[in-house]
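Working notes, structure below.
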Amino acid sequence: MSTVLDVRDLKVAFHTRNGVVRAVDGVSLSVEKGKTTGIVGESGSGKSVTCYSLLGLIPMPPGKIEGGTAAFGGQDLLKLSESELQKVRGRRISMIFQDPMTSLNPYLRVGTQLIEPLRLHEGLSKSEAMKRGVEALREVGIPNPEQRIRQYPHEFSGGMRQRVMIAMALITRPELLIADEPTTALDVTIQKQVLDLIRDLQKRLGIAVVFITHDLAVVSEVCDFVNVMYAGRLVEAAPVRELFAQPRHAYTRALMRSIPALQKKGQPLYTIPGLPPDLAHLPPGCAFRPRQTPERQALCLTDRQPPLIEISEGHWVQDCPGCVIRP
Amino acid sequence: MSAATAVITAPSGVSLSKGRSLWQDAWARFRKNRLAVGCTVLLAFIGLLCAFGPTVAFYKFGMTGETQDLVLKASPPSAQHWFGTDSLGRDLLVRTLEGGRVSLKVALIATLVALLIGVSYGATAGYVGGRADSWMMRVVDILYAMPFMLFVILLTVAFGKNMTLLYLAIGAVEWLTMARIVRAQVLTLARQEFVEAARSLGLPGRMIIFRHIVPNVLGPVIVYTTLTIPAVMLLEAALSFLGLGVQPPDSSWGTLIDDGANNMETYWWMLAFPAGIFSLTLFCLNFAGDGLRDALDVKSGKD
């Protein structure tokens with residue numbers, strides 16, 4: 001199994017008027033060829049920033065990459081210049097975004113946008129690129145691709161647009177696909193189709209996928225390995241079966257308890273009390289402490305950041321005495 | 001191919017022939033607006049008349065706007081002179097058309113100047129953002145605060161009266177609003193997901209601006225342009241009326257109205273015809289602009 005992307009100790013901060021926001025603080029993760037690594041967390045936990053910063057897509061300033069490495073095909077993504085990154089983006093690493101309704105330019109034909117990466121990175125002529133574009137649309141299951149390719153985004157439904165986005169992302173056969181909550185804006189039946197499509201193409205093309213989501217149900221379905229992020233840090237990382245069978249960290253457990261489908265009928269839905277902490281003013285100790293039950297709070301670290309330890313093989317957890325449940 | 005494909009069927013009611021762009025939709029909406037279409041046609045007619053009318057008059061009747069005939073001086077409209085003649089016996093129709101040439105030319109050039117400066121300035125400020133943006137916009141605010149008439153009078157004092165100055169002066173004032181509009185549009189557009197998506201595909205900044213941002217600001221820019229043209233014409237007329245713009249023997253609608261206003265108690269036609277044509281043009285421009293705005297505004301109705 002070869003590792004496509006290996007991120008070590010990534011640190012990203014935003015220097016704002018309210019202080020330094022440490023959006024990503026020492027995150028490590030890796031993705032293997034043909035596998036899917038999930039990043040799960042609430043809004044603002046730093047999961048998107050982690051991926052955007054790898055491609056230089058965060059606004060700098062105020063954003064700043066303050067440390068870490070990201071090994072990708074023998075080079076460190078974090079050290080590449082903007083023009084070198086432009087050659088990686090859309091050719092070797094592609095992205096799909098959350099809202100398919102706004103991620104296509106309304107004034108351009110779908111085909112024009114679809115073949116942009118081909119024209120740009122492979123220097124194909126328009127007619128050749130169009131042929132590939134039709135194939136790409138067929139591949140993602142869009143009927144009548146020859147006609148559809150000449151239409152405009154507003155003539156496509158949400159699910160269809162997401163298929164177009166997937167086609168666009170994969171048209172150059174990248175090694176890595178970053179999917180940033182690709183199903184969040186879609187309704188449930190379409191969600192299922194899009195997930196199936198991503199998985200199907202991944203299997204056939206052997207691409208590595210980083211899947212960002214806040215939906216644990218989606219995670220269990222598509223991911224091989226899961227990283228749970230909280231307040232810009234990893235709190236738990238494990239293979240998907242292991243994680244769902246034996247969640248070690250209190251935050252992971254709380255997330256799982258909040259899946260509505262797993263709760264008893266007639267009971268009020270469980271939600272994690274409190275709010276994610278303000279990243280500009282993080283407590284020195286365990287970031288999850290304020291949201292714990294009082295008796296557990298007493299056990300949490302308050303003086304230093306809990307370290308990430310390998311609690312069992314391949315299963316990493318942030319070692320805070322108040323949060324970790326040992327077997 | 002996969003199970004995922006099998007579920008998808010072509011949605012009914014979608015014509016699969018050829019895509020209809022938002023421009024085509026807008027055009028269809030515009031065509032339904034009879035008033036706007038009528039005004040556009042009328043506008044084109046006035047434009048053609050001004051462009052070719054004086055030439056025809058010269059070759060057919062040997063008349064120019066400067067052919068004086070003191071025997072005919074200040075005669076009312078007749079079969080020979082439809083608009084009558086002015087106090088020097090010059091045919092008022094020909095003079096009005098020649099004045100129209102100047103007025104329309106000033107309008108077009110000054111608007112173009114405003115468009116060029118405004119769009120590039122606004123787009124730069126909006127796309128770059130941050131501190132550069134706020135400085136650039138403060139400059140616009142300062143220029144806004146300058147009294148226009150004083151500015152023009154100072155310019156004419158410094159450089160003398162000529163047409164280039166007129167274009168520059170008007171253009172220099174009119175680009176400010178354009179810059180603000182474009183900047184606001186670009187500011188929201190640059191944070192849209194499709195711009196992010198384009199960046200994630202590896203497109204360089206200049207391609208993003210020209211392929212993805214500019215087409216999206218074009219709608220508001222076109223609309224504002226049609227509303228700028230009448231404003232520019234009014235400014236030109238005002239300046240000429242005050243003697244700061246076009247100088248005799250050249251005429252523009254502004255100077256003609258000025259002449260007419262001096263004589264309106266005895267020779268009504270000298271004011272009525274130039275003013276009538278001028279108002280008609282402004283009226284048409286405004287309605288055509290309104291029609292365009294409605295047509296290009298996606299929110300006004302999705303049919």
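Read-outs: derived from the displayed coordinates by stated rules, not from any lab. A quick note: this is a predicted structure, and the numbers were derived from the prediction, not measured. When we count neighbours, we look across all protein chains shown, and the Cβ atoms used for this are built from the backbone with ideal geometry, even at glycine.
3J(HN,Hα) couplings calculated from phi for the stretch B:175-190 with the Karplus curve 6.51 cos²θ - 1.76 cosθ + 1.60 (θ = phi - 60°) are, in sequence order, 6, 4, 5, 4, 4, 5, 4, 5, 4, 4, 5, 5, 4, 6, 5, 5 Hz; Gly and Pro show x. Can you find, among A:ILE93, A:VAL110, A:ALA136, the residue farthest towards the positive end of the dipole of the stretch A:88-156? Put +1 on the C-beta of Lys and Arg, -1 on that of Asp and Glu. So the residue furthest toward the plus end is A:ILE93.
Relative to the Cα centre, the charge distribution of chain A, modelled as +1 at Lys and Arg Cβ and -1 at Asp and Glu Cβ, gives a dipole magnitude of about 360 debye. Would you please state the base-10 log of I(q)/I(0) at q = 0.15, 0.16, 0.20, 0.25 1/Å for the stretch A:25-122, with intensities from the Debye formula using one equal scatterer on every alpha carbon? At q = 0.15, 0.16, 0.20, 0.25 Å⁻¹ the computed log10 ratios are -0.77, -0.88, -1.29, -1.53. In terms of the mean number of neighbouring beta-carbon atoms within 10 Å, the peptides A:95-108, B:150-163, A:175-188 order highest first as A:95-108, A:175-188, B:150-163. Dipole magnitude for the stretch B:168-216: computed about the Cα centre from +1 point charges on Lys and Arg Cβ and -1 point charges on Asp and Glu Cβ, it is near 100 debye.
For the pair the stretch A:208-286 and the stretch B:85-149, the centres of their Cα atoms are 58 angstrom apart.
Over all residues in A:91-99, what is the mean tally of Cβ atoms on other chains that come within 10 Å of each residue's Cβ?
Rounded to a whole number, the mean comes out at 3.
Peptides A:279-285, B:218-224, ordered by how many other C-beta atoms sit within 10 Å of their residues on average, highest first, read B:218-224, A:279-285. Inter-chain Cβ neighbour count for A:139-147, averaged per residue, equals 4 (cutoff 10 Å, partner chain atoms only). Filter chain A for me: DSSP H helices, axial length by Cα at least 15 angstrom, mean Kyte-Doolittle hydropathy not below -1.0. List them by residue number. Counting only whole DSSP H runs, the qualifying helices are A:158-170, A:188-205. Stokes-Einstein diffusion for the stretch B:79-216 at 4 °C, viscosity 1.567 mPa s, with a Kirkwood radius from C-alpha pairs, works out to 72 µm²/s. Remark: A:GLU116, A:GLU310, A:GLU32 ranked as A:GLU310, A:GLU32, A:GLU116, counting other beta-carbon atoms within 10 Å and listing the fewest first.
Looking at the protein assembly as shown, the DSSP beta bridges with both ends there are about 65 percent antiparallel.
For the stretch A:169-325, taking Cα atoms only, Rg and Dmax work out to 17.4, 54 Å respectively.
When Cβ neighbours within 10 Å are restricted to other protein chains, what is their mean count per residue of peptide B:186-196?
Per-residue shielding by partner chains comes out at 4.
One quarter of the convex hull surface built on the alpha carbon atoms of the stretch A:82-216 amounts to 8.1 nm², the projected area averaged over directions.
For the stretch B:164-252, what percent of Cα pairs sit more than 17 Å apart?
Counting pairs separated by more than 17 Å, the tail of P(r) holds 60 percent.
Please give every one of the aspartates and glutamates within straight-line cross-link reach of B:LYS105, meaning a C-alpha to C-alpha distance under 17 Å, and leave out same-chain neighbours fewer than 8 residues apart. The reachable aspartates and glutamates, counting only those whose Cα sits under 17 Å from B:LYS105, are B:GLU174, B:GLU236, B:ASP250. Our helix-only sum for chain A, with -39,500 (n - 2.57) per DSSP H run of n ≥ 4 divided by its residues, gives a mean residue ellipticity at 222 nm of -8000 deg cm²/dmol. Taking loop as defined by DSSP and a crowding limit of 12 other beta carbons within 10 Å, which trypsin sites (Lys or Arg not before Pro) in the stretch B:197-303 fit? When the trypsin sites (Lys or Arg not before Pro) of the stretch B:197-303 are filtered for loop state and at most 12 Cβ neighbours within 10 Å, B:LYS302 remain.
Simple rule: put +1 on each Lys or Arg Cβ and -1 on each Asp or Glu Cβ in the stretch A:133-286, find the dipole, and look at A:PRO182, A:ILE198, A:LEU262; the Cα lying farthest toward the positive end is A:LEU262. Scaling against 2.2 N^0.38 Å puts the C-alpha radius of gyration of the stretch A:174-217 at 1.14. Size check on the stretch B:214-303: the Cα extents along the three principal axes, sorted descending, read 55, 24, 15 Å.
Checking the cross-link pairs A:LYS11/A:LYS87; A:LYS203/A:LYS265; A:LYS35/A:LYS87; A:LYS79/A:LYS126; A:LYS64/A:LYS203; A:LYS87/A:LYS126 against a 26 Å limit on the alpha carbon distance flags A:LYS203/A:LYS265; A:LYS79/A:LYS126; A:LYS64/A:LYS203 as lying beyond it. For the residues A:ALA298, A:ALA238, A:ALA71, a GNM of chain A with alpha-carbon springs under 10 Å puts the largest fluctuation on A:ALA298.
Evaluated at q = 0.08, 0.11, 0.12 Å⁻¹, a Debye calculation over the C-alpha positions of the protein assembly as shown (equal weights, vacuum) places log10 I(q)/I(0) at -0.74, -1.07, -1.19.
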